[in-house]
Structures are given as C-alpha cells and as structure tokens.
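Engineer: I am attaching a structure below and will ask some questions about it afterwards.
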Amino acid sequence: MQQNNIAIKVKGLSKDFDISESGKGFSGKLKALFRRKRKIITAVDGIDFEIKHGEFVGYVGENGAGKSTTIKMLTGILVPTSGSAEVNGIIPYKERKKNAAKIGVVFGQRTQLWWDLPVRESFDLLRVIFRVSQSDFNSQMKKLDQVLDLNSLMGMPVRKLSLGQRMRCDIAASLVHNPPVLFLDEPTIGLDVLAKESIRNFLAEINREEGTTIILTTHDMNDIEHLCKRLIILEDGKIVYDGETELLKQKFVHEKVLEVEFHDDGNVIHGIPGVTVIREQGCKKWLTFDNDNYGIGEVIGTIASRYKIKDISVNEPSVESIIRNIYNNRVTLATPSEESPTK
Amino acid sequence: MNPKLFLKFVSVSFQKQVTYRFDCFVGIVNGFLYVFIFTSLWKALYSQFDTTVHNGYTLTAIVTYAVMVMAVRISFTMDDSIIYRKVMDGSIAIELVRPTSFFFMNLAENVGNSLFHTMARTAPIVIISIFLFDVSIPFEVIRFLLFVVSCIVGYILVSMMNFIVGLFAFWFIEIFPFLLFKYAFYTFFSGGIVPIDFFPEFLKPLVKLLPFQYMLYFPTTILIGRASLAEAQSIIMAQLIWIVIMGVICSFMWGAGKKKLIIQGG
Ligand SMILES: Nc1ncnc2c1ncn2[C@@H]1O[C@H](COP(=O)(O)OP(=O)(O)OP(=O)(O)O)[C@@H](O)[C@H]1O
Ligand SMILES: [Mg+2]
C-alpha cells in the first residue's frame with residue numbers, strides 16, 4: 001500500500017502563541033487572562049508536507065522561524081491550533097503515548113537523561129520505559145556503542161559529561177527502542193568539528209542501514225549538505241522551499257563565484273560585463289557573474305587578457321550562501337513549485 | 001502503567017532524596033517540634049476545663065490524634081512544585097515524548113519522596129512520641145490494615161490534589177499563590193491541625209462537601225480507634241468515590257491543560 005510508505009503527513013498545520021504582555025506578578029497575570037485584546041503570534045502558519053519512510057530531511061530556517069514548534073507538535077508535546085498531522089499513521093497530539101513509542105527525539109539544548117544518575121542507569125530506565133526486551137536492548141546498545149563510543153561514559157553521572165559526550169548519549173538514548181522515525185532538533189549545537197563529524201556519520205549510517213526516517217533541524221549548513229537529500233526551509237512559520245537540496249542550487253542560484261588571485265594588489269576590476277566584485281583581500285578577489293547570460297570561459301578569458309593572474313578557481317555556491325541569501329531576501333521566493341496552490 | 005516501571009521511578013525518586021541528603025536531622029526536629037507544640041497546647045486547653053471529654057476526645061485521645069495526624073502528614077510529604085518547575089524550565093517536554101502517563105510518573109515521584117520521609121522522619125518521630133507522650137492506640141491487626149489501606153487511598157487523593165493545582169502552571173506558569181492557598185486549605189480542612197470534630201458547627205457542612213477530610217482526618221481516626229471497623233470500611237468506600245471524582249477532574253484538567261501548555265525555552 002502506498003499509504004504505508006508515508007512516515008509523516010502534515011496538513012495546514014498551525015500553532016499560535018499568546019504573547020500578550022501580562023503585568024508583573026500574579027494579579028497582572030490574572031488580569032491578562034481576562035483581557036480581550038490579545039497579542040497572538042503565529043509560530044507555524046499552515047504548513048503542508050509529506051515525508052516518506054527512509055527520507056533524511058533537513059528542516060531549516062532562521063531563529064524563531066517555527067522549527068522547534070513544528071517538531072513539538074509532531075512529537076505530541078504541543079497541540080496544534082489548527083490543521084492536522086500524522087506520524088506513522090498516529091495523530092501525535094491525540095495519541096501522545098502511542099506516538100512516543102514509535103519515535104525518537106533529541107532536543108539539543110536539553111537532555112533526556114537523568115541528571116543525577118549514571119549514564120548506564122539512564123539507559124536502563126529508558127529500556128523499561130520503552131518496553132525493550134533485555135536481549136534487544138543489549139544488541140542495540142552494542143551497536144550504538146560501536147559508533148558513539150559510549151562504554152567509557154557509562155559509569156559517569158550525566159551532569160559530569162561534556163556537551164559532546166552528553167549529546168552522544170542523548171542521541172543513543174533516542175534510539176534505545178530503535179524507532180522508525182527520529183526527530184533531531186539541533187543535535188550538533190555547540191559541538192566541535194570532530195564530534196559533529198562523528199555524529200553526522202552515525203546519522204547517515206542509521207538512515208542508510210536501518211532506514212530510519214530522520215528530520216533534522218540545524219543551523220549548520222554543513223550538516224544539511226552532508227546529510228539531507230531533501231530540504232524544507234521555513235520562514236515566519238511558512239514553508240518557502242521544499243525540495244531536493246541539490247535542486248536548491250539550480251533553482252535559486254544564477255551566479256557562480258570566481259576566486260581570483262592577482263599578481264599585485266590594487267587592480268581595479270571594472271567594466272567586465274556581468275561581473276561584480278563581492279569581496280577583496282589583498283591580491284585575492286571574489287567575483288560573481290551572471291551564470292545565465294555569460295559563459296564561464298568568456299569571463300575568465302576577459303579577466304586574463306586584462307590582468308596578470310596568479311591563480312583562479314570557480315566555486316560552486318554553498319548551500320549555506322544560498323540559504324543566507326534566502327534569509328536576507330536577496331533571492332525572490334516566488335516559489336517556482338508546481339504544487340503551489342492557486343488562489 | 002506497568003508496575004515495574006512505576007516501582008523503578010519510585011526508587012529513582014527515593015534515591016534522589018538520599019543523594020541530595022535532605023537534612024534528616026532538621027526534618028526530624030521540625031516534625032517533633034510540631035508534635036510537641038500541639039500536644040502541649042491540648043494539655044493546656046484541657047486543664048482549663050472541669051470536663052475531661054471534649055467533642056468525644058479524652059486528653060489521651062486528642063494527644064494520640066495530634067501525634068498520629070502529624071505522623072501521617074509527614075509521611076504524605078511531597079514536593080508540590082514539581083509540575084510547576086517542569087513547566088518553568090521546559091523539561092516537561094522531555095517527559096511528554098515518552099510513552100508514559102504523566103500522572104503516574106508524577107505519582108511515582110511523589111511516592112519515592114514520601115517513602116523517604118516515612119523512613120527518615122515519621123518512624124523516629126512516632127517512636128520518640130510514644131515514649132514521651134500519653135499515646136494510646138488499640139492494637140488490632142485488621143484495624144491497622146484498614147488504616148494502611150485508608151492511608152494509601154488518602155495519599156492518592158493528596159497526590160491528585162497536588163496534580164490538579166500543579167496543572168494550573170499550564171495556564172499561569174507562576175502558581176505560587178495557588179500553592180499557598182492549597183497548603184492552607186489542605187492543612188486545615190484535612191484535620192491536620194485540629195480534628196474535624198472540633199470545627200465550629202457552621203464549617204462542618206462545608207467540610208463534608210470537600211475531599212480534604214479523607215486525606216488525613218479519616219485515616220487517622222481509623223488508626224486511633226475513633227472509627228469502628230465497620231465505619232472504617234465505609235470511610236474507605238467514600239475515599240474511593242472521591243478518587244473517582246478527583247480522577248475525573250484530573251483527566252479533564254489534563255485534557256484542557258495540554259492545549260494551553262507552552263514550552264519555555266526553545
Ligand atoms: N513558549 C513560548 N511562548 C511564546 N512564544 C513562543 C514560545 N515558544 C516559541 N515561541 C515563538 O514561536 C516562534 C517560533 O519559535 P520556535 O522555537 O519554533 O523557533 P525555531 O525555528 O526553533 O528557532 P531557533 O532556530 O531559534 O530554535 C518564535 O517567534 C517564538 O518566539
Ligand atoms: Mg528551535
């Protein structure tokens with residue numbers, strides 16, 4: 001059945017928060033409760049998407065775009081103001097416990113482990129909570145230990161772990177019951193390069209080997225480029241892009257960047273058709289040019305004929321720079337998508 | 001909820017009390033002081049009158065009541081700000097992504113807490129008081145068993161009350177005033193200070209309509225022999241009816257609160 005292939009289905013999902021300024025203290029709060037004029041913000045504003053089993057989806061957007069709020073609705077913590085959501089065929093905010101048994105969740109900025117207990121005991125509690133048999137648990141822990149190197153941490157109380165160590169444990173903790181769907185809200189926040197890399201490798205592996213559906217929220221575009229085939233970009237609670245990460249480049253970027261090192265600095269570059277200088281640093285200059293109207297050979301030829309060049313390279317724009325442009329509204333997002341609803 | 005899980009969480013909460021080494025000595029002294037003050041007050045009061053029985057209590061009976069109601073109250077110690085703190089720091093989010101009942105997890109946490117207080121405070125206070133004061137308890141096994149059952153049911157009622165007041169945090173976040181009100185109502189109307197029999201007549205009909213008397217007063221009257229065994233059984237029946245009523249309120253509040261809940265901090 002095709003229906004079975006859908007891991008997450010979201011339709012018109014919205015969440016409003018009441019942020020009416022309440023007065024100081026208790027009486028102020030009471031008054032605010034009965035006040036008619038309310039200040040409401042729409043954190044998530046009528047989003048739709050479907051995610052198939054086995055997908056690895058990046059869920060990005062600026063601070064306050066509504067990413068965490070979406071994840072909280074999909075994990076059954078928050079009840080949507082309107083719209084609907086289904087995860088593994090379960091409505092999370094109606095059947096929270098049933099849903100919780102079939103998902104894994106990591107909130108980067110808080111731990112799901114017990115602060116006072118040694119890591120080992122936290123895992124043991126999770127085993128009982130998720131009703132995992134001892135033998136399944138043992139084999140799962142063995143697997144997790146191989147990649148995340150947990151054994152050395154098992155005896156430590158959670159509060160003594162470093163951020164990176166804690167994150168490894170937290171990710172493992174979300175997988176104790178081997179859930180088919182995994183929600184990760186900034187799991188690489190505050191980690192060093194190596195720790196990030198090992199976590200990335202691990203996530204890629206479980207997505208590949210176990211077919212775990214993963215929804216990843218992050219501000220690190222390297223995470224996205226390495227891991228997520230599909231990207232959903234959220235802005236002010238609305239989806240502004242939903243498609244392949246690779247396609248994003250083709251759709252939104254009509255510029256390439258040339259990194260040119262000249263023999264001597266002080267060269268003033270101008271008058272080359274289609275070219276603008278975006279950055280200068282000594283003899284090095286970064287130029288963009290209109291990729292649609294000018295050929296790359298043409299541009300390089302013109303530059304080389306006018307100036308003495310030491311080195312030249314062509315950079316593909318990174319997903320990061322594209323997304324930065326989207327956030328900055330430098331790229332218009334009249335989404336060329338076919339599915340956009342006609343009014 | 002699965003009993004094994006429940007017990008696990010009772011033990012986690014118990015251990016937490018042990019590790020943070022709640023200051024046992026202070027706790028015992030504080031509890032004992034209360035017992036001492038109340039028994040002294042009763043003695044002083046009774047010595048003012050010629051009659052030896054007031055509202056059905058002899059001096060021995062009222063002293064026994066004062067000691068035992070305090071013992072039960074100390075055993076029922078629970079942290080009523082748990083839910084508030086979980087809402088305040090947003091850690092409630094973590095609990096909600098687990099396939100466990102929030103109510104029962106909360107109950108388990110309370111039980112662990114109370115077990116600790118029972119062992120570390122109630123036990124020594126009762127033992128000391130029995131030696132120091134004129135305490136008289138009828139020794140009947142069945143009575144004691146009925147007392148234990150009544151205490152368990154009463155305890156669940158207290159836990160439900162705290163759950164309901166704690167859930168106000170879903171609407172208000174800051175609920176300290178509610179907790180204060182609750183504390184006052186609970187301590188007074190449950191007979192925690194003075195047995196219900198001593199309440200002024202105009203208060204008695206109100207007390208009958210409230211669940212508080214089933215939390216401390218009635219279990220204590222079973223223990224000290226003021227309730228006959230037959231009465232004890234109907235007390236427990238009435239307590240169970242209150243469990244149902246409070247249970248309905250809990251689940252109604254939970255259903256409504258879920259929609260109001262917001263998570264602080266990311
Ligand atoms: N508890 C709350 N009370 C009021 N408003 C809230 C609350 N939580 C979130 N919001 C608001 O909802 C909007 C979306 O927040 P959300 O946490 O979903 O953003 P986000 O995309 O996860 O951002 P970030 O990248 O900073 O984590 C923000 O405007 C935020 O102020
Ligand atoms: Mg967030």
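The values are calculated or read from the model by the stated rules, or taken from the named source; none is laboratory data. Values in this document were obtained by computation on a predicted structure and should not be read as measured data. A quick note on method: Cβ atoms are made from the backbone with ideal geometry, for glycine too, and the neighbour counts reach across all protein chains shown. Ligands, DNA and RNA are stripped out before the accessible areas are found, and what is left, the full protein with its side chains, is counted by its heavy atoms. Shrake-Rupley method; radii C 1.70, N 1.55, O 1.52, S 1.80 Å.
Engineer: If the Cβ limit is 7 Å and pairs must be 6+ apart or interchain, which residue in region B:241-266 that is open to solvent by 60 Å² or more (accessible area, probe 1.4 Å) pairs with which residue that is part of a helix (DSSP H, G or I) and more than 16 Å from ligand 1 (Cβ to nearest atom)?
Structural biologist: Short answer, once both residue conditions are applied: B:Ile249/B:Ile164.
Engineer: Restricting the first residue to region A:201-229 and requiring it to be closer than 15 Å to A:Phe183 by Cα, which pairs with a second residue that is charged (D, E, K, R) and not in a loop (DSSP other than H, G, I, E, B) meet a Cβ separation below 8 Å and a spacing of at least six or different chains?
Structural biologist: Listed pairs, sorted by first residue: A:Thr213/A:Lys52; A:Leu216/A:Asp223; A:Thr217/A:Lys67; A:Thr217/A:Asp185; A:Asp223/A:Lys196; A:Asp223/A:Arg200; A:Leu227/A:Arg200.
Engineer: Restricting to region A:49-68, and then to whatever is open to solvent by 20 Å² or more (accessible area, probe 1.4 Å) and within 8 Å of ligand 1 (Cβ to nearest atom), can you tell me which residue is farthest from the other protein chains (Cβ to nearest Cβ)?
Structural biologist: Residue satisfying both the conditions and the ranking: A:Glu62.
Engineer: Within region A:163-176, can one find any residue that is surrounded by fewer than 17 Cβ atoms within 10 Å (Cβ to Cβ) and farther than 24 Å from A:Trp115 by Cβ?
Structural biologist: Scanning region A:163-176, I find no residue that is surrounded by fewer than 17 Cβ atoms within 10 Å (Cβ to Cβ) and farther than 24 Å from A:Trp115 by Cβ, so the answer is no.
Engineer: A:Ile206 passes all but one of (1) part of a helix (DSSP H, G or I); (2) out of contact with any Ser or Thr (no Cβ under 8 Å at 6 or more places or on another chain); which number fails?
Structural biologist: (2)
Engineer: Follow-up. Would you pick out the residues in region B:143-179 that are assigned to a loop (DSSP other than H, G, I, E, B) and surrounded by fewer than 17 Cβ atoms within 10 Å (Cβ to Cβ)?
Structural biologist: Across region B:143-179, the qualifying residues are B:Ile173, B:Glu174.
Engineer: Across region A:69-84, what is the number of residues that are in contact with a helix residue (DSSP H, G or I) (Cβ under 8 Å, 6 or more places away or on another chain), touching a residue at least 40 places away in the same chain (Cβ under 8 Å) and surrounded by fewer than 24 Cβ atoms within 10 Å (Cβ to Cβ)?
Structural biologist: Residues in region A:69-84 being in contact with a helix residue (DSSP H, G or I) (Cβ under 8 Å, 6 or more places away or on another chain), touching a residue at least 40 places away in the same chain (Cβ under 8 Å) and surrounded by fewer than 24 Cβ atoms within 10 Å (Cβ to Cβ): 1 in total.
Engineer: Among the residues of region A:224-254 satisfying the criterion of being surrounded by fewer than 18 Cβ atoms within 10 Å (Cβ to Cβ) and out of contact with any helix residue (DSSP H, G or I) (no Cβ under 8 Å at 6 or more places or on another chain), which is modelled with the highest pLDDT?
Structural biologist: A:Lys238
Engineer: Restricting attention to region A:103-129, which residues are buried (at least 21 other Cβ atoms within 10 Å of the Cβ), among the aromatic types (Phe, Trp, Tyr) and within 8 Å of another protein chain (Cβ to nearest Cβ)?
Structural biologist: Passing the criteria: only A:Phe107.
Engineer: Quick check on my filter: what residues within region A:69-80 are within 12 Å of ligand 1 (Cβ to nearest atom), in contact with a Lys or Arg (Cβ under 9 Å, 6 or more places away or on another chain) and of a type in the set (Val, Ile, Thr)?
Structural biologist: A:Thr69, A:Thr70, A:Ile77
For every residue, the table says whether it meets (1) hydrophobic (A, V, I, L, M, F, W, C); (2) within 25 Å of the chain's Cα centre (by Cα); (3) within 14 Å of another protein chain (Cβ to nearest Cβ); (4) at negative phi.
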site: A:Val132; (1), (2), (3), (4): yes, no, yes, yes
site: A:Met154; (1), (2), (3), (4): yes, no, no, yes
site: A:Ser162; (1), (2), (3), (4): no, yes, no, yes
site: A:Arg168; (1), (2), (3), (4): no, yes, no, yes
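Engineer: To continue, here is another question. Can you list the helices (runs of 4 or more DSSP H) found entirely within region A:60-129 that contain at least 1 residues being at pLDDT 95 or above and more than 16 Å from ligand 2 (Cβ to nearest atom)?
Structural biologist: In region A:60-129, A:96-100, A:119-129 are the helices (runs of 4 or more DSSP H) which contain 1 or more residues that are at pLDDT 95 or above and more than 16 Å from ligand 2 (Cβ to nearest atom).
Engineer: For region A:257-277, enumerate the residues that are surrounded by 13 or more Cβ atoms within 10 Å (Cβ to Cβ) and out of contact with any Pro (no Cβ under 9 Å at 6 or more places or on another chain).
Structural biologist: A:Leu258, A:Glu259, A:Val260, A:Glu261, A:Phe262, A:Asn267, A:Ile269, A:Ile272, A:Gly274, A:Val275, A:Thr276, A:Val277 - these are the residues of region A:257-277 that are surrounded by 13 or more Cβ atoms within 10 Å (Cβ to Cβ) and out of contact with any Pro (no Cβ under 9 Å at 6 or more places or on another chain).
Engineer: May I pose another question? Filter the helices (runs of 4 or more DSSP H) completely within region B:1-84 down to those with at least 1 residues that are within 14 Å of another protein chain (Cβ to nearest Cβ).
Structural biologist: Where helices (runs of 4 or more DSSP H) fall fully within region B:1-84 and carry at least 1 residues being within 14 Å of another protein chain (Cβ to nearest Cβ), they are B:3-19.
Engineer: Here's another thing I want to ask about it. crowded, with 18+ Cβ neighbours inside 10 Å, closer than 25 Å to A:Lys72 by Cβ, assigned by TED's automatic domain parsing to the domain that holds A:Phe137 and not aromatic (Phe, Trp, Tyr): does that describe A:Ile189?
Structural biologist: Taking the combined requirement at face value, the residue does not satisfy it.
Engineer: Has region A:95-102 got at least one residue that is among the hydrophobic types (A, V, I, L, M, F, W, C), more than 10 Å from chain B (Cβ to nearest Cβ), open to solvent by less than 20 Å² (accessible area, probe 1.4 Å) and more than 16 Å from ligand 1 (Cβ to nearest atom)?
Structural biologist: no
Engineer: Then there is this: Can you tell me how many residues in region B:57-83 are over 30 Å from B:Leu167 (Cα atoms) and either open to solvent by 50 Å² or more (accessible area, probe 1.4 Å) or among the hydroxyl-bearing types (Ser, Thr, Tyr) (or both)?
Structural biologist: 6
Engineer: Scan (1) assigned to a helix (DSSP H, G or I); (2) within 16 Å of ligand 1 (Cβ to nearest atom) for the single condition A:Asp145 breaks and write down its number.
Structural biologist: (2)
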